[in-house]
Amino acid sequence: MRVVIAGGHGKIALRLARRLAGRGDTVLALIRNPEHAGDVRAAGAEPVVCDLERATAGEVAGRIAGADAVVFAAGAGPGSGAARKDTVDRAAAVLMADAAERAGVRPFVQISAMGVDTAPREDRGEAWAAYIRAKKEAEEDLRARDLDWLILRPGRLTDDPGTGRVTLAGPYVGHEAVTRDDVAAVTAALLHTPGVRHRVLELIGGDTPVEEAVATIGRE
Ligand SMILES: NC(=O)c1ccc[n+]([C@@H]2O[C@H](COP(=O)([O-])OP(=O)(O)OC[C@H]3O[C@@H](n4cnc5c(N)ncnc54)[C@H](OP(=O)(O)O)[C@@H]3O)[C@@H](O)[C@H]2O)c1
């Protein structure tokens, strides 16, 4: 497979690139900072410098033409304010989906977040509210598109080593934690499970081996 990862220098993205490259896939990593190219190459991916807050859908479509799938794994990150939640978590996701449609790349996995179906807690502040709003709008945009979309909502992310065991199901599974390693493993398995599409899936650490959890989703 030829897989495009938007936000290619992210923590999940690099883990996913390593995993996909390890199984023989070609990975194109869209990054905004050229200095990240070395890390991306070390993960086995091909870096493509493309700032998703500046590029047009036409430009991105040109970069991803010929790919078999897109994974949106970008995000403004924890230190950012409301404005960048909107320009990255919402607008860059919409831009990628636009580009995928234009390029005819149908499979599209969006890394989203839990909690988007309820109003954000006021005590968590404006940036959090903007984040939840941005993720929700990005999901709504994707669900309306003629793409083979999948929305994956991980719980709280940790950098602990992956366990290879998860709980993966339609909403809602509870706000537990999951390792980025396991998110990458599930994403890779979903990409390689034909026919899984138009699903909103939530993911936390659990007891079911990743391949079994994804195969179960594939049979539903
Ligand atoms: N933290 C949590 O507990 C949690 C829970 C559920 C879901 N999520 C979501 O999971 C996703 C991935 O998480 P992660 O920890 O892997 O994120 P991450 O390490 O923060 O990676 C996000 C990547 O997006 C890139 N990016 C930002 N703006 C960009 C732009 N304009 N153009 C291209 N790339 C851009 C960043 O690049 P730079 O390095 O250049 O900034 C970074 O490499 C995010 O969408 C996050 O919101 C997080």
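The values are calculated or read from the model by the stated rules, or taken from the named source; none is laboratory data. As the structure is a computational prediction, the values presented were derived from the model and not from experiment. Because the Cβ atoms are built from the backbone with ideal geometry, glycine has one as well, and the counts that use them run over all protein chains shown.
Restricting attention to region 1-13, report how many residues are under 26 Å from Thr158 (Cβ atoms), in contact with a helix residue (DSSP H, G or I) (Cβ under 7 Å, 6 or more places away or on another chain) and not in a strand (DSSP E or B).
Result for region 1-13: 5.
Could you please find all residues in region 101-126 being within 15 Å of the ligand (Cβ to nearest atom) and either in contact (Cβ under 8 Å) with a residue 40 or more places away in the chain or closer than 18 Å to Gly10 by Cα (or both)?
Phe108, Val109, Gln110, Ile111, Ser112, Ala113, Met114, Gly115, Asp117
Have a look at Ala6, Ala76, Ala82 and point out the one that is of a type in the set (A, V, I, L, M) and either modelled with pLDDT under 95 or surrounded by fewer than 18 Cβ atoms within 10 Å (Cβ to Cβ) (or both).
Answer to the check: Ala82.
Within the set of pairs 6+ apart or on separate chains, which have a first residue in region 137-163 that is closer than 24 Å to Asp98 by Cβ and within 12 Å of the ligand (Cβ to nearest atom), a second that is of a type outside the set (A, V, I, L, M) and part of a helix (DSSP H, G or I), and C-beta atoms under 8 Å apart?
Ala138/Asp89; Ala138/Arg90; Ile151/Glu139; Ile151/Arg143; Leu152/Thr187
Checking Ala45 against (1) surrounded by 23 or more Cβ atoms within 10 Å (Cβ to Cβ); (2) within 29 Å of Ile132 (Cβ to Cβ); (3) within 14 Å of the ligand (Cβ to nearest atom); (4) not hydroxyl-bearing (Ser, Thr, Tyr), which test does it fail?
Among (1) surrounded by 23 or more Cβ atoms within 10 Å (Cβ to Cβ); (2) within 29 Å of Ile132 (Cβ to Cβ); (3) within 14 Å of the ligand (Cβ to nearest atom); (4) not hydroxyl-bearing (Ser, Thr, Tyr), Ala45 violates only (2).
Looking at region 19-67, which of its residues are part of a strand (DSSP E or B), under 26 Å from Asp86 (Cβ atoms) and of a type in the set (Asp, Glu)?
Once the filter is applied, which keeps residues that are part of a strand (DSSP E or B), under 26 Å from Asp86 (Cβ atoms) and of a type in the set (Asp, Glu), region 19-67 yields nothing.
Please pick out the residue among Ala134, Ala185 that is buried (at least 19 other Cβ atoms within 10 Å of the Cβ), within 16 Å of the ligand (Cβ to nearest atom), of a type in the set (A, V, I, L, M) and within 19 Å of Leu14 (Cβ to Cβ).
Ala185
Looking at (1) more than 10 Å from the ligand (Cβ to nearest atom); (2) on the phi < 0 side of the Ramachandran plot; (3) touching a helix residue (DSSP H, G or I) at 6+ places or on another chain (Cβ under 9 Å), which one does Ala37 not meet, given that it meets all the others?
(3)
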